[in-house]
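Asks: Next up is a structure, given as structure tokens.
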Amino acid sequence: MKKLLTILLLMVTLAAQAQRQQISYIEETKNWYYVYDEQGKRIGGLSRSSIGELKGWGNDFFVAKRYSYYYICDAKGKTLKTMNVSDVGEIVGVTNTTITSRKGSWIFTWNKEGKKISARSAH
């Protein structure tokens, strides 16, 4: 019984670590984006035709634009949130935990879940 509990605990720990994979780098090739973790291990690959144009990445997410939508994806490429370009404006930066966009004379800050956390006037 103790062995079974140890194995279950190990499985839960490994699953939690996999969900929190950190993005160290995203390599861009002609047709693909390859996502690497902090150890240099490739953790995902996405075709440009499926995800569009890479706009930036943070600790454990990246943002891509395809047609009229921005896609916030986890390190493995799973879409977490889809946002309409007409609502967001132009993405001007992606940091470890936030996304910054500009729409008209406003600057918006979004979290990685796509929730607007602040707005201010652009000077």
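The values are calculated or read from the model by the stated rules, or taken from the named source; none is laboratory data. Values in this document were obtained by computation on a predicted structure and should not be read as measured data. Using ideal geometry, Cβ is built from the backbone for each residue, glycine included, and neighbour counts are taken over all protein chains shown. Side chains included, ligands, DNA and RNA excluded: accessible areas come from the protein's heavy atoms. Shrake-Rupley method; radii C 1.70, N 1.55, O 1.52, S 1.80 Å.
Asks: Please go through the stretch 37-57 and give me each residue that is open to solvent by 80 Å² or more (accessible area, probe 1.4 Å), farther than 16 Å from D74 by Cβ and part of a strand (DSSP E or B), ordered by number.
Replies: Across the stretch 37-57, the qualifying residue is only E53.
Asks: Right, something else. Assess whether E27 counts as being under 15 Å from the mean Cα position of the chain (by Cα) and outside any strand (DSSP E or B). Lay out the reasoning, then the answer.
Replies: On the way: under 15 Å from the mean Cα position of the chain (by Cα): yes; outside any strand (DSSP E or B): no.
No: the conditions fail for E27.
Asks: Right, next: Of all the residues that make up the stretch 58-104, how many are assigned to a loop (DSSP other than H, G, I, E, B), under 21 Å from K41 (Cβ atoms) and aromatic (F, W, Y)?
Replies: 0
Asks: It is to be established whether one or more residues within the stretch 105-112 are farther than 28 Å from K41 by Cα, among the aromatic types (F, W, Y) and not in a strand (DSSP E or B).
Replies: Keep residues of the stretch 105-112 that are farther than 28 Å from K41 by Cα, which gives 105-110.
From what's left, among the aromatic types (F, W, Y): 106, 108, 110.
Filter once more, keeping what is not in a strand (DSSP E or B): none.
No: the stretch 105-112 contains no residue that is farther than 28 Å from K41 by Cα, among the aromatic types (F, W, Y) and not in a strand (DSSP E or B).
Asks: Being surrounded by 18 or more Cβ atoms within 10 Å (Cβ to Cβ) and acidic (D, E) is the filter here, so list the residues in the stretch 62-106 that pass it.
Replies: D74, the sole residue that qualifies.
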